[in-house]
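The block underneath contains the structure these notes are about, expressed in structure tokens.
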Amino acid sequence: MSKYNVTLVFEDGRSEQILADEEDTIYMACLRNKIRILVDCMEGACATCKGHCVEGEYDLDDVSDEALSDEEAAQREVLTCQMHARSDCIIEFPYESRLAFKTDPQSWLCKVAACEQVSSTVYRLDIQRLDTEAEPPSFMPGQYVHLSVPGTEETRSYSFANAPHDSETYSFFIKALKHGVMSDYVRGRAQVGDEITMAGPFGHFYLRNPECPIVMVAGGTGLAPMLSMFDHMIETGATTQPVHLLIGANEPTELFHLDVLEGYKSKGILLTTEIAVVEGDADWSGETGQVTSLLRQELIEGSADVYLCGPPPMIEAAESWLAERGVDSKLVHAEKFVPS
Ligand SMILES: Cc1cc2nc3c(=O)[nH]c(=O)nc-3n(C[C@H](O)[C@H](O)[C@H](O)COP(=O)(O)OP(=O)(O)OC[C@H]3O[C@@H](n4cnc5c(N)ncnc54)[C@H](O)[C@@H]3O)c2cc1C
Ligand code: FES
């Protein structure tokens, strides 16, 4: 009997990975993991348990047309009380996780392993789990966690910059704002060994199976989740599709990890990059302007999976540009770094 990893993603972004036996329906597999997804009839007739299987192979037992039309089935809508996984799957549910969970998202006590300035405004924070026996977080590349700010009661959201297979050290790129709770911590107080809590994972912004060319737009530390995605692509050999990455920063001194991006090219990713800074300096000979000014029709010709990450105005400008050109919103994945 085969077992598969099934990732459940809820509307609020909380996600949980369970191991599902192919004999079990997804509903049963959830119950075995103490997750109560919404169900009613249990016969494929009411659609209460409906979700959207973003990725993976599956079979459905008995479903009525009223609960799942042919069109919905073609779009990979699924009735999870009738669904059996036939490979690893990702299923999104259109309601908040609190309806399915009695417990808070999992959290891990960690310690700071390094905090290094990598550009004029960006710090890389590396943390390690203290309890190395505990299960590591199961996240998808692109997702984020809540980090506590040491010495305060506050938490802030940060995207993993490392890939899921790398469960020793977790890396985050944090922009130090002039005034901000986490910003002040990374700029001034962070010490190796500080205790810090990581809770999650969360987020709908994760790498889909690359089946067509990929366009990424990263504003500032919005590059972090893209790094996680690149490392994952290399680890899994999912490097057949070209990736065009547009990077934006306010000034050239804010740019970071350009050498690492170059390294990805020699590791098999078909990566091309372009950079725009809002204000160049005397040494800057590249593009100036907002990163969205680098978007061009040729990048989205045919079909492309688009990933946008960074400050809200950047995401909104990119989404409008894409919508005006008729790009299917299902192909556009975005993470706004709103103040948390
Ligand atoms: C899903 C998600 C993922 C994210 N991932 C990342 C990431 O990978 N990297 C990253 O750098 N950021 C990320 N962010 C943003 C991050 O969560 C924080 O919002 C950001 O780092 C600022 O946190 P802070 O504690 O330094 O600032 P905060 O203390 O939250 O302050 C935020 C803003 O409010 C202003 N402010 C603070 N106090 C006052 C005051 N008293 N009066 C007026 N204004 C004030 C500050 O100047 C600052 O501009 C993410 C956000 C989300 C939602
Ligand atoms: S619970 Fe009614 S269709 Fe699944």
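The values are calculated or read from the model by the stated rules, or taken from the named source; none is laboratory data. Please read these numbers as outputs of a predicted model, since none were measured by experiment. Every residue, glycine as well, gets a Cβ built from its backbone with ideal geometry; the counts of neighbours run over all protein chains shown.
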Can you tell me which of Gly248, Gly237, Gly200 is under 29 Å from Gly268 (Cα atoms), surrounded by 22 or more Cβ atoms within 10 Å (Cβ to Cβ) and more than 16 Å from ligand 2 (Cβ to nearest atom)? Gly248
Out of Leu271, Leu258, I need the residue that is farther than 25 Å from Val338 by Cβ and touching a Lys or Arg at 6+ places or on another chain (Cβ under 6 Å). Which one? Leu271
Pull up the range 296-315, narrow it to residues that are in a loop (DSSP other than H, G, I, E, B) and in contact with a strand residue (DSSP E or B) (Cβ under 7 Å, 6 or more places away or on another chain), then point me to the one that is surrounded by the most Cβ atoms within 10 Å (Cβ to Cβ). Ala304
Please work out which residue is farthest from ligand 2 (Cβ to nearest atom), limiting yourself to the range 69-87 and to residues that are within 25 Å of Asn5 (Cβ to Cβ) and part of a loop (DSSP other than H, G, I, E, B). Ser87
Filter the range 148-181 down to residues that are over 20 Å from Met233 (Cβ atoms) and polar (S, T, N, Q) and give me whichever is nearest to ligand 2 (Cβ to nearest atom). Ser157
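If you go through the range 253-262 one residue at a time, do you hit one that is outside the structural domain of Tyr123 (by TED's automatic domain parsing), under 16 Å from Leu308 (Cβ atoms) and not hydrophobic (A, V, I, L, M, F, W, C)?
No: zero hits.
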Only strands (runs of 3 or more DSSP E) wholly contained in the range 10-68 count here; list those with 3 or more residues that are under 29 Å from the mean Cα position of the chain (by Cα) and within 16 Å of ligand 1 (Cβ to nearest atom). none
Sort out which residues of the range 323-340 are outside any loop (DSSP other than H, G, I, E, B) and free of Cβ contacts under 8 Å to residues at least 24 places away in the same chain, and write them in order of number. Ala323, Glu324, Ser329, Lys330
Against the definition (within 30 Å of Tyr144 (Cβ to Cβ), away from ligand 2 (no atom under 13 Å from the Cβ) and assigned to a loop (DSSP other than H, G, I, E, B)), how does Ile90 come out, yes or no? no
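For every residue, the table says whether it meets (1) crowded, with 17+ Cβ neighbours inside 10 Å; (2) near ligand 1 (Cβ under 8 Å from one of its atoms); (3) polar (S, T, N, Q).
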{"residue": "Ser157", "(1), (2), (3)": "yes, yes, yes"}
{"residue": "His165", "(1), (2), (3)": "no, no, no"}
{"residue": "Glu168", "(1), (2), (3)": "no, no, no"}
{"residue": "Lys175", "(1), (2), (3)": "yes, yes, no"}
Residue check: is Arg14 under 27 Å from Ser157 (Cβ atoms), at pLDDT 90 or above and loosely packed, with under 15 Cβ neighbours inside 10 Å? no
